[in-house]
Amino acid sequence: MSVDMRTFLAHVELANPITTAAGCASSGRELAQFFDLHRLGALATRSITMAPRAGRPTPRMAETPSGMLNAVGLQGPGIDAFLERELPWLAQRGIRTIVSIGGGTVAEYSELARRLADAPGVTALEVNLSCPNIEDRGRVFAREGSAAAEVIASVRSIMRYDVPVVAKLAPDVADIVSVARACVDAGADALSMINNPLGMAIDTEALRPALAAVTGGLSGPAVLPLAVRCVWQVHAALPGVPLIGVGGVMTGRDAFQLILAGACAVGVGTALFHDPYACLRIERELEDLLEARGFQRLADAVGLAHRPPGSAPRHLLVDSEESSP
Amino acid sequence: MQVTGTVLTTRRVDAYHALTVVAPGIAERHRPGHFVSVAVGGARTSMITRRALTVHDVKPDYGGTVELVFTVRGPGTAWLAERRARDTLDLVGPLGRPFPLPRDPVHCVLVGAEYGSAVLFPVADALLERGCRVDFLLGGAGAERVFGAMRARRMAETTTLTTEDGSLGLRGKVTDALPSVIADTRADVVYACGPMETLRAVTAVAIEFDIPVQVAVEEAMACGIGVCMTCVIPVIGDDGVTRMVRACAEGPVFRGERVRFEDVGTIPFDALGAPGGGARHAG
Ligand SMILES: Cc1cc2nc3c(=O)[nH]c(=O)nc-3n(C[C@H](O)[C@H](O)[C@H](O)COP(=O)(O)OP(=O)(O)OC[C@H]3O[C@@H](n4cnc5c(N)ncnc54)[C@H](O)[C@@H]3O)c2cc1C
Ligand SMILES: Cc1cc2nc3c(=O)[nH]c(=O)nc-3n(C[C@H](O)[C@H](O)[C@H](O)COP(=O)(O)O)c2cc1C
Ligand code: FES
């Protein structure tokens, strides 16, 4: 018996719940050397900006306990080159693609949405809200419900109705549920969490910050509990909203935690740096775990950990069903 | 590709550690200049990024082996130094772009500093096969940090050694000796690997002699496969435009004169997409 791994991101069906995380699969071509990208639930692009961006100076990475810091600064080709070279390459192959966008103003996000509205091959649009808001002294949009909502409302009004708009949230905010609610009220069809919390490391030889940009985004297993907590809180408050759980997923068991907390899809980022085949392995491990616990459908496990205390542990129930002939 | 290899032998070579790993597939596809990335720390480790190491030697034994030569820098390489025969190692490779090789039997000077010399031996093999003349110039801080002197002497027309403390060969840096080596061997091309500062100086000498120089650079890498964008350096393209390019995917081998060594660690103001160049939204 195999498990039905299909999942829905709003009304868009994905063959399985495992996607790459934004900014961790470059243009897609790099990973295609290792495996067939059709086996992904979806591929998320890096966050595309209007103009090409050179990003931050190096060093851009530092390894930390069970994680790493990055300060890439959204290096990328800009929307023109993306539409000319990167998106068509994915679209021609029929690879399900979540296009991520990043901007410094509401107008910039809106312009990106306009450019993408008629482009073939956009399965969903993910709005990276962890970008500094130029009009608010560089405070990131994701920190504040109203700023995030303004971006989402504008992008939602521009994108075609059949392309889900996903708001990507940051964990280092006072109240993630209020930001999540503001985004959903503004029209977000789904939410993705978490982006990198900010961290810092100091090089004790050079006696200086390890990253040229001083601070950087923390990722990897170190942030998994943070992601589980955010998904849990948001699913509890907004149980009907599809969530993409992202953060520190290295194994099928990690993905399973996010699913049980309420995610219906799972993004894999830093794990790809260690294991280019991570998405396939995680999908297989997740399916095995579900099967071992008697699940027939992934969908039945989404948010299951929220069931009230005292209700029957599901696997015991299934076991007893199976043992009675 | 990813291979779970078995350590065949370990040895100390002066200040360096060398591991020979059975890695069929990687050995088979290896070209001089390729590197591999090694998972360190074992199954439940807190070290989540791989370590990039160039391949020193490839042999067809046991379906294909690769030899890695490294110095202990931090916890990852310290863990590697503790590996013993029959331990397994998780490798991804071959990665990066190899050294381009000349079509004609030209004169080549191979310049290596510290463990950077290791990658030059497969290059020398390939050059000799093409009938090229090979001369080595190898250096390090002290005698025990000059890698591969004996083997170089067996392969090359001439081998020049330098140490900063004068304990072996000429006192000084490889770049101090480079002008006379180029002149004496009537070199047509230079191949170099070593610290960024050495590559900068080697490139300056080659430009002075107006001969091409191919350098293999080292920049901190998180993925080695081109997906994380952490390993970038400023490189001038065919169109004259400077871009921040990935040392792991577009490199690690570059034409020396195309690398803006002075600007490594910065975003040059005229680089494509640099702040102020029309893309003024930070993030
Ligand atoms: C293409 C390439 C080929 C290399 N070949 C060799 C070789 O043949 N022999 C050898 O001794 N060393 C080589 N290096 C350097 C080697 O990768 C580093 O010394 C090693 O990663 C340090 O790991 P660590 O855990 O000991 O040190 P730490 O300083 O603790 O490493 C921490 C993190 O920084 C990264 N890092 C730190 N320094 C470097 C660096 N210089 N280059 C890349 N990543 C770095 C590591 O991958 C790791 O993620 C090469 C590097 C590159 C990029
Ligand atoms: C090198 C790197 C680049 C990233 N780039 C982006 C990006 O462009 N847009 C975005 O929304 N998130 C970006 N992220 C965040 C990831 O998508 C993800 O939310 C985060 O890293 C947590 O997941 P992980 O632990 O699986 O990596 C990036 C992360 C890393 C490590
Ligand atoms: S090391 Fe990740 S892109 Fe080069």
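Things to note:
- Applying the Karplus relation 6.51 cos²θ - 1.76 cosθ + 1.60 with θ = phi - 60° to region A:30-35 yields 3J(HN,Hα) values of 4, 6, 5, 5, 9, 7 Hz, where x marks Gly and Pro.
- Mean Cα-pair separation over length for region A:23-149, i.e. relative contact order, pairs under 8 Å, 6 or more apart, %: 22 percent
- For region A:15-37, the residues whose amide N sits under 18 Å from a probe point set 7 Å from the Cα of A:ASP162 along the beta carbon direction are A:15.
- Per residue of B:231-239, other chain Cβ atoms within 10 Å of the residue Cβ number 2 on average.
- Nonlocal amide H pairs with A:ILE18, under 5 Å, H built at 1.01 Å: A:GLY41, A:VAL266
- In sequence order, region B:226-234 has phi-based couplings of x, 9, 9, 6, 9, 9, 7, 9, x Hz under the Karplus curve 6.51 cos²θ - 1.76 cosθ + 1.60, θ = phi - 60°, and Gly or Pro positions carry x.
- Order of B:TRP79, A:TRP232 - criterion: other Cβ atoms within 10 Å of each residue's Cβ, fewest first: B:TRP79, A:TRP232
- The mean sequence separation of alpha-carbon pairs under 8 Å and at least six residues apart, normalised by the residue count of chain A, gives a relative contact order of 19 percent.
- The charge dipole of region B:2-95, taken about the Cα centre with unit charges on the Cβ atoms of Lys, Arg (+1) and Asp, Glu (-1), comes to about 180 debye, rounded to the nearest 20.
- Percent of beta bridges antiparallel (DSSP, the protein assembly as shown, rounded to nearest 5): 50 percent
- Shown in residue order for region B:104-114 are the 3J(HN,Hα) couplings computed by the Karplus curve 6.51 cos²θ - 1.76 cosθ + 1.60 at θ = phi - 60°: 9, x, 8, 8, 10, 9, 10, 10, x, 10, 6 Hz (x for Gly and Pro).
- Remark on chain B: B:CYS108, B:CYS132, B:CYS193, B:CYS231, B:CYS248 stand apart, with no other cysteine beta carbon under 4.7 Å.
- Surface/4 estimate of mean projected area, convex hull on alpha-carbon atoms of chain A, nm²: 17.4 nm²
- Mean-position separation - Cα centroids, region B:219-236 and region B:2-55, in angstrom: 19 Å
- Ranked B:VAL134, A:VAL127, B:VAL241, criterion: other C-beta atoms within 10 Å, fewest first: B:VAL241, B:VAL134, A:VAL127
- Taking each residue as 0.36 nm, the span from A:ALA81 to A:ASP175 lengthens on full extension beyond its C-alpha to C-alpha distance by 30.1 nm.
- 10 Å Cβ neighbours from other chains, averaged over peptide A:45-54: 5
- If you run the Gaussian network model on chain A, springs between alpha carbon atoms under 10 Å, then out of A:VAL266, A:VAL165, A:VAL72 the most flexible one is A:VAL72.
- Likely footprinting exposure, B:LYS173, A:LYS168, fewest C-beta neighbours within 10 Å first: B:LYS173, A:LYS168
- Projecting the Cα atoms of A:MET61, A:CYS230, A:PRO276 onto the charge dipole of chain A, computed from C-beta unit charges around the Cα centre, puts A:MET61 farthest toward the positive end.
- Listed residue (B:PRO94, B:VAL69, B:SER46) projecting farthest to the positive dipole end of region B:2-95, Cβ model: B:SER46
- Net charge dipole, chain B: roughly 800 debye, given to the nearest 20, about the Cα centre with Cβ charges of +1 for Lys and Arg and -1 for Asp and Glu.
- Residues B:THR4 and B:ARG154, FRET efficiency given R0 of 51 Å [Cβ-Cβ distance, rounded to 0.05]: 0.95
- Each Cα pair under 8 Å and six or more residues apart adds its separation to the average, and for region B:2-95 the resulting relative contact order is 42 percent.
- Amide proton proximity set for A:LEU9, modelled H, under 5 Å, gap of 5+: A:LEU14
- Residue among A:LEU207, A:LEU280, A:LEU290 with the largest mean-square fluctuation in a Gaussian network model of chain A, springs linking Cα atoms under 10 Å: A:LEU207
- Each Lys and Arg Cβ is given +1 and each Asp and Glu Cβ -1; about its Cα centre, the protein assembly as shown then shows a dipole of about 340 debye.
- In this simple spin-label approximation, B:VAL13 and A:ASP118 carry label points 7 Å from Cα along the Cα→Cβ vector, and these lie 6.1 nm apart.
- Residue with peak Gaussian network fluctuation, chain A [Cα springs, cutoff 10 Å], from A:PRO120, A:PRO242, A:PRO77: A:PRO120
- Cβ-based charge dipole, the protein assembly as shown, positive-most Cα from A:ILE95, A:GLN75, A:ALA305: A:ALA305
- For A:ALA119, no residue whose modelled amide H falls within less than 5 Å of its own remains once neighbours fewer than 5 places apart on the same chain are excluded.
- Computed label-point distance, nm, for sites B:ALA78 and A:HIS38 using a 7 Å Cα→Cβ extension: 4.8 nm
- Sorting B:107-117, B:158-168 by their mean Cβ neighbour count within 10 Å, with the most densely packed peptide first, gives B:107-117, B:158-168.
- Separation of alpha-carbon centers, region A:235-269 and region A:130-171, rounded to whole Å: 21 Å
A short reminder: the numbers here are calculations on the coordinates, not readings from a lab. Only a predicted model underlies this, so the values are computations on that prediction, with no experimental measurement involved. Ideal geometry is used to build each Cβ from the backbone, glycine not excepted, and the neighbour counts take in all protein chains shown.
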